[in-house]
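What follows draws every value from the coordinates through simple rules; no lab data is involved. In this text, all values refer to a predicted model and were calculated from it rather than measured experimentally. Here the Cβ is made from the backbone with ideal geometry for all residues, glycine too, and neighbour counts use every protein chain on show.
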Amino acid sequence: MTQGAEDARSLAAVIVTYNRSDKLRKVLDAVLAQTRKFDKIYVVDNASTDGTPEVVASYTDPSVVHVRLPRNAGGAGGFHKGIRTAYEAGHDYFWISDDDAYPQPDALELLLKNLESFDAETKWRAPFACSRVNWVDGSLCEMNVPNPVWDWPRWYRKDNAQFLVRSCSFVSVLVARWAVKAHGLPIQDYFIWHDDVEYTMRLARSYPGLYCPDSIVIHDTPENKGVNFALVTEENLWKFKFGARNEASRQLRDRGKYGYLAFAHHIRQQMKGGKVPWRLRRQIYRSLLRGYLFRPGIVKV
């Protein structure tokens, strides 16, 4: 593909934010400094109360667009709205990320290169390409590790490192327009947790996505821990309740009662191993039961 043809591709960034105006400024600075520029940068603001509108307004670059929601719709609702907005604007690719993740200058360029070269060199089309996500100390960020498929190194080459994955997080993933058209939007009713895994798994029904370890993003989280129900506490219980409900619903949809029960058993074992207090376990079990009846719809574009 020629440089001119690549430049003709319209790229949009979708960044969902809620009350992180200090980190959002760092994110926007990093996004604007990309070696491959975005045509539009949609900042989806979940009704923040910390001066986020003023931060966004301080950027005079016409590519930065403030999309303010009337209420906090969570990450899931924000990504749903942001991708819909970018899709309706006619963009060809959608780069999705959080408001506390800082892409290295060539992160987008490398994702785009991998997606376009993969399409050109194989008979397949990858629906998305995701970055390596590091924590602030340079180690691998535990909560953002993609899930590989069984033949993950099939297309690996020394001069073009890429591996096949069935799902990834919403921290630096580039999604092709055709994939959104084919599979719809993220499930906004999830609010938070598992919306990224469910969505990228749905996109990967066409063909697995690409993990591109040379494309690097720094995820500025307070601690480097994965999603494990052994870690449930009073403070994070509300998040794990959403996670249990959402994944239980998805497991039932995709794998039937066996998948649902296997997931419930997995959670039980994790909480038991972590010695999670029974008062917290009971609330997670109730969320699993809610997941059995939870039937969120998938919106097509």
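Here are the numbers:
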| read-out | value |
| --- | --- |
| Fewest-first sequence of Leu28, Leu111 by Cβ atoms within 10 Å of each Cβ | Leu28, Leu111 |
| Estimated FRET transfer efficiency when R0 is 35 angstrom, pair Arg255-Arg125 (beta carbons, to 0.05) | 0.85 |
| Calculated P(r) of the range 154-254 - Cα pairs past 19 Å, % | 53 |
| Space enclosed by the convex hull of the alpha-carbon atoms of the range 184-224, per residue, Å³ | 111 |
| Estimated dipole of the chain in Debye, rounded to 20 [Cβ of Lys and Arg +1, of Asp and Glu -1, Cα centre] | 1800 |
| The chain - Kirkwood radius from inverse mean 1/r over Cα pairs (Å) | 19.7 |
| For the range 197-245, convex hull volume per residue from C-alpha positions, Å³ | 121 |
| Most fluctuating residue given options His183, His66, His265, as computed from a GNM of the chain linking Cα atoms under 10 Å | His265 |
| Radius of gyration and Dmax over the Cα atoms of the range 131-204, both given in Å | 13.6, 42 |
| Footprinting exposure proxy for Cys141, Cys130 (fewest neighbouring C-beta atoms within 10 Å first) | Cys141, Cys130 |
| P(r) histogram, all alpha-carbon pairs of the range 71-118 included - 5 Å bins from 0, percent | 4, 16, 22, 21, 22, 11, 3, 1, 0 |
| Cα-based equivalent ellipsoid of the range 19-170: semi-axis lengths in Å, sorted from largest, via gyration tensor | 29, 17, 15 |
| Exposure proxy ranking, count of Cβ atoms within 10 Å, fewest first, for Phe128, Phe38 | Phe38, Phe128 |
| Tail weight of P(r) past 15 Å, computed on alpha-carbon pairs of the range 229-293, percent | 44 |
| Cβ-based charge dipole, the chain, positive-most Cα from Asn114, Ile96, His194 | His194 |
